[in-house]
Structures are given as C-alpha cells and as structure tokens.
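Engineer: Take this structure, written in structure tokens, and hold onto it; I'll ask about it next.
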Amino acid sequence: MGKRQAKKTVGWSKLCIGAAVSTGVYLSGILLIAFLAVEGIFALEKMDVILAVWVMVAAFCGSLPMLKIKVAPPLLACLAQSVLFMILILTASYLFWEGPVWSNGNIALLLCVLAGGLLPGILWSRGGRKKKMRGW
C-alpha cells in the first residue's frame, strides 16, 4: 500500500539510550583499566585520575544522542542524561556494595560525570542565530 516509514525515536527515550551508552562505555572501560592495572601497565597511584578521565569519556559518549532532541535545549538534555548516569552509578553502589564511600575521589568522580555530560551540550549548542519564521 504505502511506503513504510522508519520509526523515529521519541525525544526523551533518547535519555535511556544515552544512559545505556554511558553505562556500556563505563563498564567496558572499567574492565580494560582493571586488566591493565593487573598487568602492571597503570600504576595504582594514578587510578583515580584514570577513572575520572574514563568516566568523563563515558558521560560524553552518552550525551551525544541527546543533542538531537528537539524538545529541550542541548545543554538541558545533556544535563539530564549526565544526572541519570550519576543516579545509575549511585544506585549500583547501593545495590552491589554497602553504599558509596563519600571521599574526595568519589565526589570528584561524580563531578566528572557532570562535566563530561555537559561538554557536548556546551560545544554543540544551537545558540546564536535564530531561523526566520516564514509568514503567510
């Protein structure tokens, strides 16, 4: 009959896609970092810095799908995704361990999640020129 139309992803369902991407990148990076630490390639004293950089990369990768949301500004959408990713990390720490350790390193890790998640929103925001609305 008619042509098939590809299903488009609803605006805020990309929030779940971004959180899944962030979680996948984060977990694969944790496995890689643990393997390289066991092999002796990374010094144990530098693990906080390496984990902070990796969590920023994971939050950055998860925020990229949020740039295509038309419902909210990119900065707000990326902030929502990074907060959701932070909630996932905190929930996992409460479920699988006795809870997060509120040390300076872990608080810095959560701030790195926010910074990495907001970076795409800042770099690729649609600010500046506005499109002209065409009248009748």
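Engineer: Please state which one of 34, 43, 92, 19 is of a type outside the set (D, E, K, R) and in contact (Cβ under 8 Å) with a residue 60 or more places away in the chain.
Structural biologist: Just one listed residue meets the conditions, 19.
Residue-by-condition table, conditions (1) assigned to a helix (DSSP H, G or I); (2) at pLDDT below 85; (3) under 20 Å from the mean Cα position of the chain (by Cα); (4) surrounded by 12 or more Cβ atoms within 10 Å (Cβ to Cβ):
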site	(1), (2), (3), (4)
22	yes, no, yes, yes
72	no, yes, yes, yes
78	yes, yes, yes, yes
92	yes, yes, yes, yes
112	yes, no, yes, yes
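Engineer: Next question, about the same structure. Quick check on this structure: which one of 66, 56 is open to solvent by less than 60 Å² (accessible area, probe 1.4 Å) and either within 14 Å of residue 14 (Cα to Cα) or not acidic (Asp, Glu) (or both)?
Structural biologist: 66
Engineer: Test each condition in (1) assigned to a loop (DSSP other than H, G, I, E, B); (2) open to solvent by less than 90 Å² (accessible area, probe 1.4 Å); (3) modelled with pLDDT of 80 or more for residue 100 and report the one that comes out false.
Structural biologist: Against the list (1) assigned to a loop (DSSP other than H, G, I, E, B); (2) open to solvent by less than 90 Å² (accessible area, probe 1.4 Å); (3) modelled with pLDDT of 80 or more, residue 100 comes up short only on (3).
The values are calculated or read from the model by the stated rules, or taken from the named source; none is laboratory data. Note that this is a predicted model, so its numbers are computed, not measured. All Cβ positions, glycine included, derive from the backbone under ideal geometry; neighbour counts span all protein chains shown. Quick note on the areas: whole protein, heavy atoms, side chains included, nothing else; ligands and nucleic acids left out. Shrake-Rupley method; radii C 1.70, N 1.55, O 1.52, S 1.80 Å.
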